[in-house]
Amino acid sequence: MAEKTLDDLFLDTLKDIYYAEKQILKALPKMARAAQSEQGKAAFLQHRDETEGQIERLQQVFELIGKPARGKTCEAIQGILAEGEEIIEDYKGSVALDAGLISSAQAVEHYEIARYGTLKAWAEQLGHTDAIALIDANLQEEIATDEKLSALGEGSAKAKGKLRATK
Ligand SMILES: [Fe+2]
Ligand SMILES: [Fe+2]
């Protein structure tokens with residue numbers, strides 16, 4: 001068996017995030033349906049559209065390195081998304097539902113930021129110059145989404161001041 005290289009790791013990680021993005025694309029409409037606030041719904045739907053574009057950029061990266069676009073099961077994202085579904089179930093109708101949704105969405109964003117940060121650094125090291133801009137475009141969208149979610153989380157906590165049940 002040939003020794004593994006950074007090229008192999010780059011490709012495996014690309015497959016990991018490609019799989020993850022496709023799972024995220026399916027999860028975001030569910031999160032939008034579950035969200036109670038209009039801003040929350042809008043944020044999830046906007047990021048759903050961005051995710052479509054991100055998947056296309058990843059397909060371009062596969063093309064640039066001459067490999068077929070294929071996903072590889074990513075248990076980390078499955079776990080993060082499963083936790084999100086659990087929150088939707090457990091907090092349905094509660095004042096804390098949106099806070100829970102925002103927190104699981106941020107866990108997703110942080111996973112993506114970690115992956116894209118790494119992929120960008122490796123693309124630089126491997127000389128995949130054309131791929132860097134594509135990966136960075138995805139990275140910047142994830143960072144912006146994370147910041148938006150932070151603002152949304154703080155905003156909803158302040159505006160409502162009712163994250164505790166009023167009984
Ligand atoms: Fe993404
Ligand atoms: Fe994202």
Return only the number of the condition from (1) assigned to a helix (DSSP H, G or I); (2) closer than 17 Å to residue 23 by Cα that residue 131 does not satisfy.
-> (2)
Hey, residue 113 within 11 Å of ligand 1 (Cβ to nearest atom) and of a type outside the set (D, E, K, R) or not = yes
Restricting attention to the range 62-73, does a residue exist that is over 24 Å from residue 132 (Cβ atoms) and within 19 Å of the chain's Cα centre (by Cα)?
-> yes
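FYI, it's all coordinate maths here, none of it is from the lab. Quick caveat: nothing in here was measured; it's all calculated off a predicted structure. All Cβ positions, even for glycine, are placed from backbone atoms using ideal geometry, and neighbour counts span all protein chains on display.
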